[in-house]
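Bear in mind that the values in this text are calculations on the coordinates, not laboratory data. Here the structure is a predicted model, which means the values were calculated and not measured. Counting neighbours? That spans all protein chains shown, and the Cβs are built from the backbone with ideal geometry, glycine included.
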Amino acid sequence: MTLARGRPAQGAGVSRDTILATALSLLDESGGQGLTMRALAKRLGVTPMSLYRHVGTHEALLRALSDQVYADVLEPLGATMDATSDPRPAISALLTRYHKAIGKHPQLTLAIFSAPQAFAGVTREITDRLTALVAMLTDEPELWRDLLIDHAHGSGLALVAARGQPQLARMMAQQYQNALKRLMQRLGPPS
């Protein structure tokens, strides 16, 4: 049976929210290689062209998923920070939320690594906020930002090994917190 371009296979339309939820599920199940527009369309019962109208390119789909998954990482810092505030608690809170998001959907992080064009939106905001906070502590903010993010990525992605093992997951999360605390101490006093 040949479908008209952009038409639903079963006669029902599909919403952007449904597309994103299904894409995230597909990504979690089968990894970045399994999340293709064709596979997503098949799971949703629509033609691939209809997806492009809702989410754009594959990279735009990854950006939308990233914005959705990492949105909570950008919670407000609370009290307004000024030049005399110690940014380490804000850095730790941001990185802890980011680490948790990576652990929930590690395949999304890996997919973004393989599609640099998808690095935008919330992920860019996280990076910019972290850079600004770290710059309050060191004259090498990009170096320290990269160290902190790489540590969050490595530890967050390692949580895959703890799936279905809550005790191991808690232990690994605690190890991340301990290491993050040590890294924060090494950043030194606010300048």
Based solely on C-alpha atoms, express the radius of gyration and the Dmax of the chain in angstrom. 19.3, 68
Can you work out ³J(HN,Hα) from phi for every residue in region 112-120, in order, using Karplus 6.51 cos²θ - 1.76 cosθ + 1.60 and θ = phi - 60°, giving whole Hz and x for Gly and Pro? 5, 4, 7, 9, x, 5, 7, 6, 6
Could you please rank Leu143, Leu26, placing first whichever residue has the fewest other Cβ atoms within 10 Å of its Cβ? Leu143, Leu26
Value at 222 nm in deg cm²/dmol, rounded to 500, when DSSP H runs of n ≥ 4 in the chain each add -39,500 (n - 2.57): -21500 deg cm²/dmol
Fewest-first ranking of Glu142, Glu125, using other Cβ atoms within 10 Å as the exposure measure: Glu142, Glu125
Charges on Cβ only, +1 for Lys and Arg, -1 for Asp and Glu, centred on the Cα centroid of region 16-56; of Gln33, Thr22, Ser50, which one is farthest towards the dipole's positive end? Ser50
Taking the Cα centre of the chain as origin, sum charge times position over the Cβ atoms of Lys and Arg (+1) and Asp and Glu (-1), and report the length of that vector in debye to the nearest 20. 800
Can you pull out the trypsin sites (Lys or Arg not before Pro) in region 141-191 whose DSSP state is coil and whose Cβ has at most 14 other Cβ atoms within 10 Å? Arg163
Rounded to whole Hz, the Karplus (6.51, -1.76, 1.60) HN-Hα couplings of region 141-152, x for glycine and proline: x, 5, 4, 5, 4, 5, 4, 5, 5, 4, 5, 5
Step through the residues of region 168-179 one at a time and calculate ³J(HN,Hα) from phi using the Karplus curve (6.51 cos²θ - 1.76 cosθ + 1.60, θ = phi - 60°), rounding each to whole Hz and writing x for Gly and Pro. 5, 4, 5, 4, 5, 5, 5, 4, 4, 4, 4, 5
Built amide H within the under 5 Å cut-off of Val46, gap 5+: Ala9
Run the dipole for region 16-56 about the Cα centre, Lys and Arg Cβ at +1, Asp and Glu Cβ at -1, nothing else charged, and hand back the magnitude in debye, nearest 20. 220
Relative contact order of the chain, defined on C-alpha pairs under 8 angstrom at six or more residues apart (%): 22
Is the shape of region 16-56 rounded, prolate or oblate, going by the alpha carbon gyration tensor and its root eigenvalues a ≥ b ≥ c, with a/c under 1.5 for rounded and a/b larger than b/c for prolate? prolate
